[in-house]
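Down below is the structure, laid out as structure tokens.
The values are calculated or read from the model by the stated rules, or taken from the named source; none is laboratory data. Predicted model only: the values in this text are computed from it and were never measured. Cβ: placed from backbone, ideal geometry, glycine included. Neighbour counts: every protein chain shown.
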Amino acid sequence: MRIDIPEQKKLVFEMTIPIRWGDMDAMGHVNNTTYFRYLETIRIEWLQSIGCPPDPAGEGPVIVNAFCNFYKQLEHPGDVLARMYVSDPARTTFETWCTLSRTDDPDTVYAAGGATTVWVNFPAQKAVALPGWMRDLLSD
């Protein structure tokens, strides 16, 4: 099943991630599981950049699903240009999206993925309303 990234989304973060030799598999291209690490890396870097590091004693984001569509093989050597987007803030959830390109080929999307994020109270293990500051950041 392929999930497409929506046209209506907000760019919130970009970063470069080096393609490591160890990211490749026996076929000579980046292993599929590594793409999910790239998606996780940009999501965590974005959250830290907005002052939202993980806080097990408080509230914060939890990923409830994730996907990745693979379009073209990434190979070593090189650097990944990761672009992070958000959309669809609801009462307790929002969507995150990411495109992965090469820095030497920034207009070609090699892979694209996303995740549904739920804001939770960690000690209570329950979804709670997005805080106002996060809702403001997610909105256009």
**OP:** Could you tell me which of the residues Cys52, Cys68 is surrounded by 15 or more Cβ atoms within 10 Å (Cβ to Cβ) and either hydroxyl-bearing (Ser, Thr, Tyr) or more than 15 Å from Ala115 (Cα to Cα) (or both)?
**Re:** Cys52
Subject >> Among (1) of a type outside the set (Gly, Ala, Ser); (2) free of Cβ contacts under 8 Å to residues at least 60 places away in the same chain; (3) farther than 23 Å from Ile3 by Cα; (4) outside any loop (DSSP other than H, G, I, E, B), the one test that Val62 misses >> reply: (3)
**OP:** Could you grab me the full set of residues in the range 69-93 that are over 21 Å from Lys9 (Cα atoms), assigned to a loop (DSSP other than H, G, I, E, B) and not small (Gly, Ala, Ser)?
**Re:** Lys72, Gln73, Leu74, Glu75, His76, Pro77
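Yes/no per residue for (1) hydrophobic (A, V, I, L, M, F, W, C); (2) over 21 Å from Ala66 (Cβ atoms); (3) surrounded by 12 or more Cβ atoms within 10 Å (Cβ to Cβ):
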residue: Glu14; (1), (2), (3): no, no, yes
residue: Gly22; (1), (2), (3): no, yes, no
residue: Val30; (1), (2), (3): yes, no, yes
residue: Thr33; (1), (2), (3): no, no, no
residue: Ile42; (1), (2), (3): yes, no, yes
**OP:** Have a look at Thr96, Thr108 and point out the one that is outside any strand (DSSP E or B) and at pLDDT 95 or above.
**Re:** Thr108
Original post:
Are any residues in the range 86-140 farther than 30 Å from Leu74 by Cα, free of Cβ contacts under 8 Å to residues at least 12 places away in the same chain and of a type outside the set (Gly, Ala, Ser), and if so, which ones?
Top reply: Gln125, Lys126, Trp133, Asp136
